[in-house]
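Nothing in this text is a laboratory measurement; each read-out follows from the coordinates by a stated rule. None of the values given here were measured: they were computed from a predicted structure. In this analysis, Cβ positions are derived from the backbone assuming ideal geometry, glycine residues included, and neighbour counts consider all displayed protein chains.
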Amino acid sequence: MTVGGTRIEGRAHLADDSPVSEARVFFAAAPVPLPDVATLTDDDGRFSLFAPAPGMYQLVVHADGLEPATVPIDVPAEPASVELDVELGG
């Protein structure tokens, strides 16, 4: 059995490209059971999560007062890194 995984890294921002800090980032759906854990974006809007298995994931970025963003991610079977650019609105 091959053990791998993919690092999901990204940046949450507004339409004017200003960063969204302290947004909650979590997987709403995954091909394997995952703990209910969220990470917060830093002052630059950056975040990082680990997807332990290949398959389809749904990443949610939610900040108070803004419409949340849901991003589908197809994680490959080979270990990799995925970079996301997530725009929040509303």
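Taking every DSSP beta bridge with both residues inside the stretch 6-87, roughly what % is antiparallel (nearest 5)?
70 percent
Once fully extended, how much extra length lies between residue 56 and residue 39, figured as 0.36 nm per residue of separation less the alpha-carbon to alpha-carbon distance?
4.2 nm
Over the alpha carbons of the chain, what is the largest minus smallest coordinate on each principal axis, giving the biggest first in Å?
44, 20, 18
Neighbouring Cβ atoms within 10 Å as the yardstick, rank 40, 66 fewest first.
By the 10 Å Cβ count, ascending, the order reads 40, 66.
Restricting to Cα pairs below 8 Å that are 6+ residues apart, what does the relative contact order work out to for the chain? Please round to a whole percent.
Rounded, it is 39 percent for the chain.
I want to check the label-to-label distance for residue 24 and residue 78. Put each point 7 Å from Cα in the C-beta direction and report it in nm to one decimal.
Placing both labels 7 Å along Cα→Cβ, they lie 3.7 nm apart.
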